[in-house]
1. Across the stretch 266-289, what is the total count of residues that are open to solvent by 60 Å² or more (accessible area, probe 1.4 Å) and closer than 19 Å to residue 213 by Cβ?
2. In the set 120, 93, which member is surrounded by fewer than 16 Cβ atoms within 10 Å (Cβ to Cβ), among the hydrophobic types (A, V, I, L, M, F, W, C), in contact (Cβ under 8 Å) with a residue 60 or more places away in the chain and out of contact with any Asp or Glu (no Cβ under 7 Å at 6 or more places or on another chain)?
3. Tell me, please, whether a residue that is among the basic types (Lys, Arg) and either modelled with pLDDT of 60 or more or open to solvent by less than 80 Å² (accessible area, probe 1.4 Å) (or both) can be found in the stretch 26-48.
4. Pick from 72, 86: which is at pLDDT 90 or above, within 28 Å of residue 191 (Cα to Cα), assigned to a helix (DSSP H, G or I) and among the aliphatic types (A, V, I, L, M)?
Amino acid sequence: TYTAVTARLLAEAGHEVHVIANGWSRTDDRQDFASHGIGGEGALIHHRIPALTGDYRPGPAHDGPGDPEGWVCRVRECSIYWSLQVARALDGLDVPLDVIEFPECFAEGWATLARRGALLGAVDAPVAITLHSPIHEIAEFNLLRRTEAWIQRRAAAEDAAIRAADGVSSPSGLLADRVAARLGLDRAAVSVIPNPLDFELLEGVVPAASDNPPTLVFAGRIEPRKGLVNLVRAAVRLMQSGHDEVKVELIGREAPAGAVPRTLTDQLTAMIPEDLRDRFLFRDQAPREEVLQRFAGATACVFMPDWDNFPYTCC
């Protein structure tokens, strides 16, 4: 989300912005943010690379059983494979680049920075890393097993990219403090830049009538660190204290629940007394426009994570 918003605003300010993204096979229902008309002198050019399939397997160029890069993707770590494809795409851009920005998550900038350090890549522009959600922190707060090899590999690649970048920014002081302390970085050198929001995207979102039943809405991934256990406990207590007309909507896709032995949705449902379960609605991931409409129609939007960066749900 921050890439989509930032790229559009930079282009509208007159810059030429190139966005490199994976060409997912499941994108038919997604809005391509390159389709926004950009006025003035700016330009927003969107490059789709058919690198990873929808189940994070290597694309046709490397999907053969004997292909070494496909083996890296399937057996070692798909984020390393993806970062290699991004580095090649950057080398192939026939435009002068003034600055390159990567999120640290998924180690997207690792190969570009590693090749630059070894004098192997064609890109020599300054590289900025935006802290978003490091797998080291995600694993801790999502109850993932940090001893798993893929987590260790991705964490090592993410941390290496952060250390090698020319500049690092964070959407919040909390995230900047934690990552700088963990990696031994100079905290003063990590810029805190809150996530941007384009309020024009909210035009046409009309609040619902006030006589609707009181509704609490949560939007985000269904995963432990989002605090959903606390949310459901609090909502049940609220309903049992005489507010049984309250409804709770939880909008988001199911994510790995770490050490939880079943899906988090199943665990949350088991916590709700049977006579109150029809007051809770679990909905799958929805288009942004629909989520905004649900926010507008809610009595309150509720977000109570155990840990997060500076999420767009709050923006």
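The values are calculated or read from the model by the stated rules, or taken from the named source; none is laboratory data. In this text the structure is predicted, and so the values were computed from the model without any measurement. So basically every Cβ, Gly included, is an ideal-geometry build from the backbone, and we count neighbours across all protein chains shown. Protein only, heavy atoms only, side chains kept; ligands, DNA and RNA dropped before computing areas. Shrake-Rupley method; radii C 1.70, N 1.55, O 1.52, S 1.80 Å.
1. So the answer is 6.
2. Checking each option against the conditions leaves just 93.
3. yes
4. Matching residue, one of 72, 86: 86.
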